[in-house]
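Student: Got a structure here, written out as structure tokens. Questions coming.
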Amino acid sequence: MKGRDELTTSTLRMALTAVSNAETAGDAAKVLSDDEVLAVLAKEAKKRREAANAFAGAGRTDQAAKENAEGEILDRYLPVQLTDEEIDGLVADALGAGGFTGKAQMGPAMKAAQAAVAGRAEGGRVAAAVRRRLG
């Protein structure tokens, strides 16, 4: 705010609102853990990327650029995302430790893989790695 950066200020206010909404969602208000806050921020960053792709596809490059900039601001507060090779390695270790071998075990295998990745990669990328290993 002191730097008068309107984009950063509005993005951080949006992120705080998303966290507040998550805290008050459900039957009773609760205080989110650090991991839960990171999950909310990751969800908001993903929304920004998807919106930027939609705007770019519709030819609205100015709005797409704004969404991309907001996503970059949110990414500053998120852990560094794993590369595909790192995801493959973690998934291979998790599947080997759990003894998962076939596609029928996709659900438990995903649970183990998500625990190994621990929020450092999007679920779609992890699911693709699990499918490759089980298939």
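Throughout, read-outs are computed from the coordinates displayed, never taken from laboratory work. Here the structure is a predicted model, which means the values were calculated and not measured. Cβ atoms come from the backbone with ideal geometry, glycine included; neighbour counts cover every protein chain shown.
Student: Working from the alpha-carbon coordinates of the chain, get Rg over Rh, Rh being the Kirkwood radius.
Tutor: Working: Rg = 17.8 Å, Rh = 16.8 Å.
Ratio value, two decimals: 1.06.
Student: Could you list log10 I(q)/I(0) for region 6-75 at q = 0.19, 0.24 Å⁻¹, which the Debye formula gives when each Cα is one point scatterer?
Tutor: Those come out to -0.75, -0.99, one per q.
Student: Pick out the long, greasy-scoring helices in the chain: whole DSSP H runs spanning 15 Å or more along their own axis by Cα, mean Kyte-Doolittle at least -0.5. Don't jump to the answer; show the numbers that get you there.
Tutor: Details: long enough: 6-24 (27 Å, 0.15); 34-57 (35 Å, -0.45); 61-75 (21 Å, -1.05); 84-98 (21 Å, 0.20); 106-117 (16 Å, 0.63); 123-134 (16 Å, -0.10).
TM-like helix candidates: 6-24, 34-57, 84-98, 106-117, 123-134.
Student: Using a simple spin-label model with points 7 Å from Cα along the Cα→Cβ vector, what separation in nm is obtained for T17 and D75?
Tutor: Using points 7 Å along Cα→Cβ, the separation is 2.4 nm.
Student: By the scheme Lys and Arg +1, Asp and Glu -1, what is the net charge of all other residues having a beta-carbon under 12 Å from that of V126? Please list the in-between numbers first.
Tutor: Working: positive: K111, R120, R125, R131, R132, R133; negative: D84, E86, D88, E122.
Net charge in that neighbourhood comes out at +2.
Student: Given the rule -39500 (n - 2.57) for each run of at least 4 DSSP H residues, summed and divided by the residues of the chain, what is its mean residue ellipticity at 222 nm, to the nearest 500 deg cm²/dmol? Let's see the in-between values first.
Tutor: Values: 6 runs with 97 residues, N = 135.
Result for the chain: -24000 deg cm²/dmol, rounded to the nearest 500.
Student: Given just the C-alpha atoms of region 84-134, how large is their convex hull per residue in cubic angstrom?
Tutor: On the way: hull volume 3.0 nm³, N = 51.
Value for region 84-134: 58 Å³ per residue.
Student: Using Cα pairs under 8 angstrom and six or more residues apart, how large is the relative contact order of the chain, in percent? Kindly include the intermediate steps, with their values, before the conclusion.
Tutor: Numbers: 112 pairs, mean separation 26.4, N = 135.
The value is 20 percent.
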